[in-house]
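Scroll down for the structure; my scribbles are underneath it.
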Amino acid sequence: MRVVDNTSAKFGHNHPFNTGIGIPIARESDDGQGTVTFLFREMKTSTGEPSDRILGVTNKHVATLDTTTDYVFDEANPQYILVCGNRRLDRAISEIEEAAIAGVRDASRLSREFNNTPEENTTALRRRKIALEEKNEDIVTLQALEAEVKTSWQDTNGRRFGVVDYAPHISVRVDDRHYTRDIATFVVNGEKLQNFESNIYHATQLEDLFWPTSAIRDDRRIPGNLQLPIRAALSRRLTLNPDTTDMNGEPGYIVAKYGNTTKLTLGRYSGMESYISKDIGLESREVAMYNYTKTSGDFSCPGDSGSLIFTGDGNALAMLHSGMHQGMHRHVTYATPLWWVIKQILVKYPYAEFYGMAYTLE
């Protein structure tokens, strides 16, 4: 599906089926769910032959059930990735249905208000008439979207987004930085990307949240069309030394992600890396995100793995892979710096082009 204008009733509801960043995916084999980090073009094979392949990036543990061995595309045993797992599809349909039902209820209320408005109050009559017409238009739009999804997206074969190409085992010993390599790529079915232009996040008006201090916010804006292009991966220097501050003057970034489970959430990143001891006795270095506030809800939950974490400037910070729970809530989310993720991808795909997303490898 096309990405729709934010004035459309489809806005937000067709996200699971369009080509914006945060595409929900799942393993066809067992409905293990996650999120696409970003897409890239191979351009040339490792031997220099021209290639028109487009590949998606997600976590190893999202792409394959076995996380301890390397996987390379096996024609005899292809590992398919779906757009929308069964659970996410059911949730999307329910959300569309609920929005349509709420629209009918609102239209009924608006109709009563219009009928009860005195004839001499022409301003109120005009405004309520317009509101009622727009609401009825939205209902038709949502009902059409519901019918389209039920007709065109229920078949699993039709939701095949791609096939896993490369998924090395999860490791924290790739190099002396000890970042978590939880990375996989899959070759995307080109027909599913007819409307794809670049790695773009479809935002809402978030200036005050991304940049809480006015001195920083003055020259920063979310695009008016609410389409935020991911223009660069933050360098190692800016990952470790954020160039913005919070309301208390402490260095850090307000970041966002759009995930399969929790959709759009905001969080806080200070620039301080975390060290995590694994069950196997190894220690990893992680980029840690904390919940935006004590009452804002969790930044991420299971199913959000693979989500791209980015700033309001359109800079990609990291690739989400896990988190730590405290009671019933996840109070910290762990991720791998995106500059390092790109570095690993270039080992396998040395000619990769990231749809204009700039990067520095050190």
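Derivation of every value follows stated rules applied to the coordinates shown; laboratory data play no part. Predicted model only: the values in this text are computed from it and were never measured. Every residue, glycine among them, receives a Cβ derived from its backbone with ideal geometry; neighbour counts consider all protein chains shown.
Here are the numbers for the structure shown:
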read-out: Cβ-based exposure ranking for Cys301, Cys84, in which fewest neighbours within 10 Å come first; value: Cys301, Cys84
read-out: Relative contact order %, the chain, counting alpha carbon pairs below 8 Å whose residues are six or more apart; value: 20
read-out: Peptides 307-314, 338-345 ordered by average Cβ neighbours within 10 Å, highest first; value: 307-314, 338-345
read-out: 222 nm mean residue ellipticity, helices alone, for the chain (DSSP H n ≥ 4; -39,500 (n - 2.57); rounded to 500); value: -7500 deg cm²/dmol
read-out: Charge dipole (the chain, unit charges on Cβ, about Cα centre) - positive-most of Gly48, Gln344, Gly162; value: Gln344
read-out: Order by protection proxy (mean Cβ within 10 Å, highest first), peptides 42-49, 350-357; value: 350-357, 42-49
read-out: Cβ crowding within 10 Å averaged over residues, with 27-40, 238-251 ranked highest first; value: 27-40, 238-251
read-out: Folded to 0 to 90 degrees: helix 86-115 orientation relative to the chain principal axis, Cα; value: 20
read-out: Angle in degrees between helix 122-152 and the longest Cα principal axis of the chain, rounded to the nearest 10; value: 40
read-out: Size of electric dipole in the chain: Cβ of Lys, Arg +1 and of Asp, Glu -1, about Cα centre, debye, nearest 20; value: 320
read-out: Tilt relative to the chain, helix 338-348 - C-alpha long axis, 0 to 90 degrees, to 10; value: 60
read-out: Ser300, Ser274, Ser235, Ser284 arranged by Cβ crowding within 10 Å, fewest neighbours leading; value: Ser274, Ser235, Ser284, Ser300
